[in-house]
Every structure is written in structure tokens, then in C-alpha cells.
């Protein structure tokens, strides 16, 4: 299993609580990050492309979903200047800055993402590229997972990596 970016510690902990053999499975997780400007973004996009094209399991979490969207825009839809407002000051922005006000949160919920994939593009990805083996989420399932109550997204992803099938 390959896990990229600086939020990997919490993902590793959650995976270990679900299945102690997870490191032996084939898959890619692109996690969130505090500082995308220090990452090899083109390398991560190329890695996502390789996993998508080969049908190998990949999960994008938060920033990872955003990179999946950029990869998809560039390589599936042909938008060679697709990017994020966080990464570039010009281009075709499919990842945009969120407004400060987050209407609709309930007590106890937290939401600290600064950027999101535009909703219309998420719908295109759901239709055209997301599968049981290749998908992303804007939230952090690793923070809502425990040994007694593993998050279903993480549990399903590990099952796919282990067996190639969804439970």
C-alpha cells in the first residue's frame, strides 16, 4: 500500500485498527496535506493516472480527491490547464476556494477545508471515472474511524485492496 502526504499517520492508524495486514495490500491513498506547495504534485497526478488506467485501487481523501479531479480533467477530459486556485493563479479552476460561511453544519460537526472540487465536476467524475476501486471523498474518514467502529469508506477500500471485491 502506498500512502502519500502529511496526513498519512492518521490513515495508517485507522487502517491498522481495521486490518493489521493492510500494508501488504496493493492500493494508493492520497491524503490531505497542510502544505501542498512542497509536494510533487505532477508526480502524484501521474501516479493517480497510472492507478486509474490500470484499474488498481486508489482512494483520494480531501486534497487527494482534488488531485484526482485535476488528473481526470487533464487526462480524461483533455483540459490541459486544469488546476486548483490553491496551486496556481491562472488556469482552468476545477478546485475553488470555499466561502468562509459554512451553512448547514450541525452541532459537533467540523469542517475546515479551504478548497473544494466544483460540484458539477464531482458529478462528471461519479459518472465517468469513479468505481468501487477508484474514488475520493472531500472529508476525512480516518478521523471518524475507530477499532470498534471502523469507517465504512476505509473498511471498503481495504477490502477492495485485499480481495479486489466490495463486500
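Read the figures in this text as sums done on the coordinates, not as results from a lab. Being a predicted model, the structure only gives us computed values, none of them experimental. Don't worry about glycine lacking a Cβ; one is built from the backbone with ideal geometry, like all the others, and counts go over all protein chains shown.
How much length is gained if the chain between residue 144 and residue 21 is pulled fully straight, taking 0.36 nm per residue apart and subtracting their Cα-Cα distance, in nm to one decimal?
Contour length minus Cα-Cα distance gives 42.2 nm.
Counting each DSSP H run of 4 or more residues in the chain as -39500 (n - 2.57), what helix-only mean residue ellipticity at 222 nm follows after dividing by all residues, to the nearest 500 deg cm²/dmol? Please report the intermediate quantities before stating the final value.
On the way: 5 runs with 60 residues, N = 167.
About -11000 deg cm²/dmol.
Neighbour counts of other C-beta atoms within 10 Å: give me 125, 68 arranged from fewest to most.
125, 68
What ranking of 130, 135, 38, 15 emerges when the number of other C-beta atoms within 10 Å of each C-beta is taken as an exposure proxy, fewest first?
By the 10 Å Cβ count, ascending, the order reads 38, 130, 135, 15.
Sorted from fewest to most neighbouring beta carbons within 10 Å, what does the list 52, 127 look like?
Fewest-to-most Cβ neighbours within 10 Å comes out as 127, 52.
Quick check: pseudo-label points 7 Å beyond the Cα along Cα→Cβ at residue 77 and residue 127, how many nm apart are they?
Computed distance between label sites residue 77 and residue 127 equals 1.0 nm.
Starting from the Cα-Cα distance between residue 162 and residue 114, subtract it from 0.36 nm times their residue separation and give me the gain in nm to one decimal.
14.0 nm
For residue 13 paired with residue 35, estimate the spin-label separation in nm (one decimal), with each label point 7 Å from Cα along the Cα-to-Cβ line.
Once both label points are built, they end up 2.1 nm from each other.
Each label point is 7 Å from the Cα along the Cα-to-Cβ direction; what then is the distance between the points at residue 96 and residue 6, in nm?
Between residue 96 and residue 6, the simple spin-label model gives 2.8 nm.
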